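See below for the structure under consideration.
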Amino acid sequence: MNEDIKKGLLGIVVDETTVSQVMPDINSLTYRGYAVQDLCEKCSFEEVAYLILNKELPNKSNLKKFKKELNENRNITINLREIVKHMPKKAHPMDVARTVVSVMGLEDKDTSNNSPAANMRKAIRIFAKTPTAMAAFFRARRGKKIIPPKQGLSFSENFFHMCFGKMPNKEIINAFDVSLILYAEHSFNVSTFTARTITSSLSDIHSAITGAIGSLKGPLHGGANEAVMHMMNKIKKPESALKWINNALDKKEVVMGFGHRVYKKGDSRVPTMEKYFKKVSKLKNDKKFFKIYEIVKNVMIERKDIHPNVDFPTGPTYHLMGFDTDFFTPIFVLSRITGWSAHIMEQHAANKLIRPLSKYSGEKHRKVMLLNQR
Ligand code: COA
């Protein structure tokens with residue numbers, strides 16, 4: 001390959017950011033300077049969302065105001081609810097997520113206003129409304145009545161309420177909160193870079209997030225948490241795991257939920273998510289998936305020195321919580337909206353059109369012949 005071409009932008013630093021820092025050498029990840037593990041143990045998802053969007057952790061009064069704003073913006077329009085209700089039942093929820101954010105762009109009074117204040121208002125509206133629209137689809141495709149958001153519930157509680165009409169115990173809510181914190185932000189990953197690229201033409205936040213959702217859908221990125229569950233279902237039981245994984249590696253298959261472009265010695269988010277996966281397995285009295293997880297993980301490390309990424313423990317955790325497999329990546333969306341929005345605002349604040357070069361390798365210069373001469 002030509003030395004000048006950095007396929008996949010491998011190793012290229014394209015800009016500065018103050019949103020997060022991925023430090024593969026010391027297996028660490030910080031949001032605005034705070035270690036993500038620390039945030040998971042000491043903060044709610046709302047506090048972390050506020051941090052990502054506003055650069056600082058909230059004090060009591062800021063948090064109260066932020067929660068009030070989220071509560072006030074949770075309802076979706078009748079128009080959007082009807083659109084969601086009439087979407088094909090077999091549509092992939094990621095395609096639904098992409099479409100609902102796009103529709104919100106049609107309805108938002110600030111769509112063409114890219115000022116910092118308007119972008120923050122729109123970010124909060126997208127963050128507050130997307131769970132409502134996705135929960136509506138979760139219910140509608142099961143032929144169930146749509147449940148509107150309820151005042152006074154946390155982000156996670158409200159999502160469970162709107163999907164299931166009931167609330168799990170506090171430990172499950174806490175594990176869900178932790179998964180959202182871990183999914184909220186991760187520097188210049190594919191979908192964030194997509195959002196920044198769209199923004200760099202001075203397009204709007206709804207367009208950038210719509211594009212980012214399309215990018216997150218792929219199995220090499222966010223779609224991996226869904227792919228992991230399909231793999232778990234193929235393995236079926238812990239007793240089959242060893243044979244299955246050795247067979248997959250013998251056939252040189254890509255094993256979903258493993259490997260990472262930046263982390264080569266392990267994903268900084270995995271130990272925390274693994275802990276909550278174990279907790280949820282215990283709470284649900286179903287340790288089958290955790291046992292499969294451990295066997296597959298050990299073989300991958302032993303044979304290939306390839307470590308699990310955050311999608312491996314998260315997929316089966318969402319399954320144990322009762323979510324449909326194709327809803328795992330949309331849950332990732334609900335959280336990553338915070339990171340994307342922060343990057344979109346950062347890109348706007350110091351914009352430079354993102355426009356790389358390519359090396360042409362097609363036909364040499366040719367002359368067009370008239371039709372009757374060809
Ligand atoms: N299963 C099996 N082998 C894997 C692997 C996996 N999940 N991930 C990487 N490898 C192997 C590759 O085959 C390659 O081997 P080779 O050098 O013998 O060809 C080597 O490790 C380097 O991988 P590469 O694909 O070049 O790394 P990358 O940085 O381009 O890709 C991913 C990173 C994430 C795309 C890749 O690890 C992957 O496809 N993982 C599965 C999907 C996934 O879980 N995505 C979520 C990411 S958070």
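Read-outs: derived from the displayed coordinates by stated rules, not from any lab. Bear in mind the structure is a predicted one, so any value in this text is a computation, not a measurement. All Cβ positions, glycine included, derive from the backbone under ideal geometry; neighbour counts span all protein chains shown.
Summary table below
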| read-out | value |
| --- | --- |
| Pairs beyond 18 Å (Cα-Cα), from K234/K279; K65/K166; K217/K287; K265/K304; K237/K265; K85/K109 | K234/K279; K65/K166; K217/K287; K237/K265; K85/K109 |
| Relative contact order (percent, whole number), the chain, Cα cutoff 8 Å, 6+ residue spacing | 22 |
| 4 °C / 1.567 mPa s Stokes-Einstein diffusion coefficient of the chain, Kirkwood radius on C-alpha pairs, µm²/s | 59 |
| Where chymotrypsin sites (Phe, Trp or Tyr not before Pro) fall in DSSP loop in region 172-250, at most 16 other Cβ within 10 Å | none |
| Full-stretch length increase - L249, I354 - with 0.36 nm per residue and alpha-carbon distance subtracted | 34.0 nm |
| Calculated from backbone phi, Karplus (6.51, -1.76, 1.60) coupling profile of region 129-143 in Hz, x at Gly/Pro | 8, 4, x, 5, 5, 6, 5, 4, 5, 3, 7, 4, 6, 8, x |
| Charge dipole of region 166-257 about the Cα centre (unit charges at C-beta), most positive-ward option of P238, V255, H186 | P238 |
| Nearest-0.05 FRET efficiency for E294 and H86, computed from C-beta distance (R0 30 Å) | 0.10 |
| K60-A117 FRET efficiency (beta carbon distance; Förster radius 22 Å; 0.05 resolution) | 0.40 |
| Förster radius 56 Å - calculated FRET efficiency between N372 and L202 (Cβ-Cβ, nearest 0.05) | 0.75 |
| Contour excess over end-to-end distance, with Cα ends at V14 and I78 and 0.36 nm allotted per residue | 18.9 nm |
| Packing rank of 115-121, 196-202, where each peptide gets the mean count of other beta carbons within 10 Å, highest leading | 196-202, 115-121 |
| Cα centroid separation - region 239-300 against region 171-200, whole Å | 21 |
| In Hz, Karplus ³J(HN,Hα) per residue of region 265-278 (6.51, -1.76, 1.60; θ = phi - 60°; x = Gly, Pro) | 10, x, 7, 4, 8, 5, x, 5, 5, 4, 4, 6, 4, 4 |
| Long-range amide H partners of S20 with built H, under 5 Å | R32, S187 |
| Gyration tensor (alpha-carbon) shape descriptor, region 96-151, a/c threshold 1.5 | prolate |
| Region 251-374, dipole about Cα centre (Lys/Arg Cβ +1, Asp/Glu Cβ -1), debye to the nearest 20 | 540 |
| In nm, spacing of pseudo-spin labels at I5 and K42 (7 Å Cα→C-beta vector) | 4.8 |
| Cα gyration tensor category, rounded, prolate or oblate, for region 29-182 with a/c compared to 1.5 | oblate |
| Karplus-derived HN-Hα couplings along region 8-23 (A = 6.51, B = -1.76, C = 1.60, θ = phi - 60°), whole Hz, x at Gly and Pro | x, 6, 3, x, 8, 9, 9, 6, 9, 8, 10, 6, 8, 10, 9, 10 |
| Exposed-site-free run, longest, the chain (rule: GluC sites (Glu not before Pro); DSSP loop; at most 16 other C-beta within 10 Å) | 57-252 |
